[in-house]
Amino acid sequence: MTLIKSISGIRGTIGGEIGENLTPIDIVECVAGYGTWIKQQKPETLKVIVGRDGRISGAMVSELAINTLISLGIDVVDLGLSTTPTVEVAVTKHNAAGGIIFTASHNPKQWNALKFLNHKGEFISSQDGHDILSLISKREILFSEVEELGLRTSDKDAIEYHMEAILKLPIINVDLIKGKKFHCIIDAINSTGAISIPILLEKLGCTYEIINEEVTGEFAHNPEPLASNLIQLTDKVKNSKADIGIAVDPDVDRLALVSENGEYFGEEYTLVACADFVLSHTPGSTVSNLSSTKALKDVSMRYSCEHQPSMVGEVNVVTLMKESNAVIGGEGNGGVIYPPLHYGRDALVGIAFILNLMAEKDMSLSEIRKSYPDYTIIKNKIPLKSEEAISELFNKLKRAFANENLNTIDGLKIDFSNGWVHMRKSNTEPIIRVYAEAKNTEEAQKLIDKIMKVVNE
C-alpha cells in the first residue's frame, strides 16, 4: 500500500495505516492545507470547484474533502461525476479560487488522488505545492467558527458548458463533421468518459456505441489507454466497421485512438494528429515534453513552425507553452493542450480535432497515420543506488557522448543521428527512467544498449 504527497497533490491506495496510505485522516489533512493556502492566495474569492471520476472510492473521498473545505469557510461548487478538463474549465467559469479533482488517472481501482488547481484552472506550480506541503507539516491551519462555514452548491451543467465551449472554438467546423456521420466506438473504462464523450459526439452528428459503459469504477481492464489494454476496443472497431475507436483514461484527459482497420493509432500520435489539424489553420510554435515522439517536431517543420521541448510534467509543458506562445502542446501519453480553450490536457477537444481532421482531409484514420513519420518508443530503467549516483552517471554519459547533441534541462537527453535516448529520475520510484525512440524497435533497442554499455562499464 502506498501514499505519495508531492508538489502536485496527494495520491495513494485506499485503506490501511494513517500516513502510509490514502486514509480519511490524510485526505482531510491535505485538503485542509490546500484550503488554507487558498485563503492566503485568494481571500476575496473563497470558492473551490470539485469533481471526481468514476472510482469506487470517489464519493467517499469527495465528501471528506468537501466538508473539510466547508469547515475552513470556503464555498464549494460540486460537479459530482465529471472529468479533469471539465473541472479545469469550471474554475474559470465560476471565477473560483481553485479546484480539486478526485482521480488517480490511469492507476488501478485501489488508488485515488487529490489534484490541486489554482484560480486559472491550471495545476499548481512546484512552489505552490511546496507551500501547501509546508502548511500541512507545520499544521498551520485555522478552521472557521460556525457562523463562517462555507456553503455547498452544485453545477450539473458543467460538462454541457465544456462541450459548448469546444464547439464554439472558431477552428472547429461543426457542419463539416456532421456531414460525415462518423460512427465511433467508445471505451469508457467504467468511468466518466461514458457521460461526457456521448454529449460531444451527439453535438457533432456522430453515431456511437460504448463498451465498458457503466460508471462503477470496476475497471474492465487496466485503465491506462495502451495498445495491450485495448484489445476489446480494437476488435469491436474492426468487427463493427466503425470509422474510429476512442479510448480515454478514467478522468478523460488522455486520448488514444484505434483506426477503422482495428489498428492502434498510438497515443504518441494523438498530439501529432491534433497538431497537424491546428497548424493547418493557425501556424505557430508547438511544445511537447522531452520524452515525446519526434514526429511532432517533424509535423511542425512541415508548416515551417518551431517545436520546443519541455521538462516532463504537464505544468512544465504549460509554462513553456506560455513562454513560447505555442498554438498547441501536450504530452506523448495522449494529452492535448489547446490554449484558446484552457491550459490543461483535454481528451474531449482532442476528439473534436481528430474528427475535424478526418473530415477536412477526407481520409480514414489509418491513412492519416500513414502520412506521419513512423517512430517507435521503448522504455527501460536503471536501478538508482543513491542521489549522488545520478550526477556521476550523467557526467559519465556526457563524456562518452560529448560529440552528440545533449539536452540537460530534465535529466539527460542524447540526440543521435538515428534517434534519441532520454534519461531522468523517476518521481515515484528509486530508478532512472530510460526512453529511446528510433525508426523501429530494433534501432531503439540498439540505442538503449549503447547507453547501457557505458552505464555498466
Spacing of the two label points (7 Å from each Cα toward its C-beta) at Lys425 and Met311, in nm = 1.2
request  = Counting other beta carbons within 10 Å of each Cβ, put Ile432, Ile185 in order, fewest first.
outcome  = Ile432, Ile185
Additional length obtainable on full extension of the chain from Ser304 to Asn395, 0.36 nm per residue less Cα span = 29.3 nm
Simple Cβ-charge dipole of region 3-156, Lys/Arg +1 and Asp/Glu -1, about Cα centre, in debye nearest 20 = 400
inquiry  = Based only on Cα atoms, what mean projected area does the convex hull of region 376-455 have, in nm²?
reply    = 4.9
note = In nanometres, the difference between 0.36 nm per residue of separation and the alpha-carbon distance of Asp175 and Ile199 is 7.0 nm
inquiry  = Could you check the spin-label model distance between Ala402 and His281? Points 7 Å from the Cα along Cα→Cβ, value in nm.
reply    = 5.0
inquiry  = Just want to confirm a number: the relative contact order over the chain, from Cα pairs under 8 angstrom separated by 6+ residues, in percent.
reply    = 12
ask   = Taking the Cβ-Cβ separation of Ser240 and Val28 as r and a Förster radius of 51 Å, what is the calculated FRET efficiency to the nearest 0.05?
value = 0.65
message = Full-extension gain between Lys370 and Gln41, please, as 0.36 nm times their residue separation minus the C-alpha to C-alpha distance.
response = 113.6 nm
request  = Within region 350-430, report the GluC sites (Glu not before Pro) that DSSP leaves as loop and that have at most 15 other Cβ atoms within 10 Å.
outcome  = Glu404
request  = Classify region 355-415 as rounded, prolate or oblate, taking a ≥ b ≥ c as the square roots of the eigenvalues of its Cα gyration tensor: rounded when a/c is under 1.5, otherwise prolate if a/b is larger than b/c and oblate if not.
outcome  = prolate
request  = Report the GluC sites (Glu not before Pro) located in region 99-190 that are in a DSSP loop and have at most 13 other Cβ atoms inside 10 Å of their Cβ, or state none.
outcome  = Glu140, Glu145
ask   = Cα-based Rg of region 55-160 per 2.2 N^0.38 Å, rounded to two decimals?
value = 1.09
key: the chain - share of DSSP beta bridges that are antiparallel (%, nearest 5)   = 60
ask   = Relative to the compact globular guide of 2.2 N^0.38 Å, what is the alpha carbon radius of gyration of region 319-372, as a ratio?
value = 1.26
remark   = So the FRET efficiency between Lys168 and Leu384, C-beta based with R0 = 51 Å and rounded to 0.05, is 0.60
query = Over what distance in Å are the Cα centres of region 172-213 and region 371-412 separated?
reply = 40
ask   = Where q = 0.06, 0.11, 0.14 Å⁻¹, what log10 of I(q)/I(0) comes from the Debye formula for the chain, counting one point per Cα?
value = -0.26, -0.89, -1.39
query = Taking a 26 Å limit on the Cα-Cα distance, which of the listed pairs Lys120/Lys381; Lys238/Lys297; Lys241/Lys370; Lys398/Lys439 fall beyond it?
reply = Lys120/Lys381; Lys238/Lys297
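Read-outs: derived from the displayed coordinates by stated rules, not from any lab. Keep in mind the model is a prediction, meaning the values are calculated, not measured. All Cβ positions, even for glycine, are placed from backbone atoms using ideal geometry, and neighbour counts span all protein chains on display.
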